[in-house]
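Visitor: Supplied in structure tokens, the structure appears directly below.
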Amino acid sequence: MQTMDGATVQQLIPNRFPIFYVDEVTALVPDQTVTVQKYLTHAEDHLNGYQPGVGRLANSLMIEMMAQAASVLILHSPAFANKTAYLAAINDATFTQPVTAGHALTITVTMGKVRANMGTVSCAASVAGAPVGQATLHFVVQASDGA
């Protein structure tokens, strides 16, 4: 099992501030599962812009956070090293509780079926162990720009 800080994650995925949403990888088993943390603070514009004064995370951004966590798992696989993962589709997305500033969002991604350069992952998000969202994401992997 491996862990990574945000700087190491940025070596795998192309996202950068202000759209980089992985603070740390707390567990990684290549080609199987990854768990990431995102610590939400009042200083983040995307929390203040969705519902001013509430500091609530938009569900669409939770999907983006799931996609970035999935990218860590996908691109850490030897089969997809030095490539870029793209979100192709979202299925069965459900959100059960609001997530607000002050929460630590935990996202666990499990690899599903993979064929050639595409596949699926199952994502589950929680706060303090309580489920707040889930989705199945479909991805496509292609060579990185300049590769």
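Visitor: Put +1 on the Cβ of every Lys and Arg and -1 on every Asp and Glu Cβ in the chain; which of THR106, VAL132, PHE80 then has its Cα farthest towards the positive end of the dipole?
Guide: It is PHE80, whose Cα lies furthest towards the positive end.
Visitor: Along the charge dipole of the chain, pointing to its positive end and built from +1/-1 on Cβ of Lys, Arg, Asp and Glu, which listed residue (MET1, ALA116, GLN68) has its Cα farthest out?
Guide: Positive-end residue among those listed: ALA116.
Visitor: If you don't mind, there's one more thing I want to ask. Expressed in nm to one decimal, what extension gain is obtained for the pair ILE90 and ALA130 from 0.36 nm per residue of sequence separation less their Cα-Cα distance?
Guide: Working: separation 40, 0.36 × 40 = 14.40 nm, distance 2.20 nm.
Extending this stretch completely gives an extra 12.2 nm.
Visitor: Tell me, in nm to one decimal, what length is gained between GLN97 and ASP23 on full extension, where the rule is 0.36 nm per residue of separation less the Cα-Cα distance? Kindly include the intermediate steps, with their values, before the conclusion.
Guide: Values: separation 74, 0.36 × 74 = 26.64 nm, distance 2.13 nm.
Stretched out fully, the GLN97 to ASP23 stretch lengthens by 24.5 nm.
Visitor: Using the Cα centre of the stretch 1-72 as the reference point, and only Cβ charges (+1 on K/R, -1 on D/E), how large is the resulting charge dipole? Debye, rounded to the nearest 20.
Guide: Details: 3 positive and 7 negative charges, 26 e Å.
It comes to approximately 120 debye.
Visitor: At LYS113 and SER60, where each label point lies 7 Å from the Cα along Cα→Cβ, what is the point-to-point distance in nanometres?
Guide: Result: 3.0 nm between the two label points.
Visitor: Okay, next question. In whole Hz, with x marking every Gly and Pro, tabulate ³J(HN,Hα) for the stretch 125-142 from phi via Karplus 6.51 cos²θ - 1.76 cosθ + 1.60, θ = phi - 60°.
Guide: With coefficients 6.51, -1.76 and 1.60, one gets 10, 8, 10, 6, x, 8, x, 10, x, 7, 6, 9, 10, 9, 10, 10, 10, 9 Hz.
Visitor: Once you keep just the Cα pairs under 8 angstrom separated by 6 or more residues, what percentage relative contact order results for the stretch 1-132?
Guide: Numbers: 225 pairs, mean separation 32.9, N = 132.
This gives 25 percent for the stretch 1-132.
Visitor: Using only alpha-carbon positions, what ratio does the radius of gyration of the chain give when scaled by 2.2 N^0.38 Å?
Guide: Working: Rg = 14.6 Å, N = 147, 2.2 N^0.38 = 14.7 Å.
Cα-based Rg divided by the globular estimate yields 1.00.
Visitor: With charges set only on the Cβ (+1 for Lys and Arg, -1 for Asp and Glu), what does the dipole of the chain come to about its Cα centre, in debye to the nearest 20?
Guide: Working: 6 positive and 9 negative charges, 56 e Å.
So the dipole magnitude of the chain works out to roughly 260 debye.
Read-outs throughout are calculated quantities, based only on the coordinates presented, and are distinct from any laboratory measurement. Predicted, not measured: the structure shown is a model, and the values here were computed from it. Cβ: placed from backbone, ideal geometry, glycine included. Neighbour counts: every protein chain shown.
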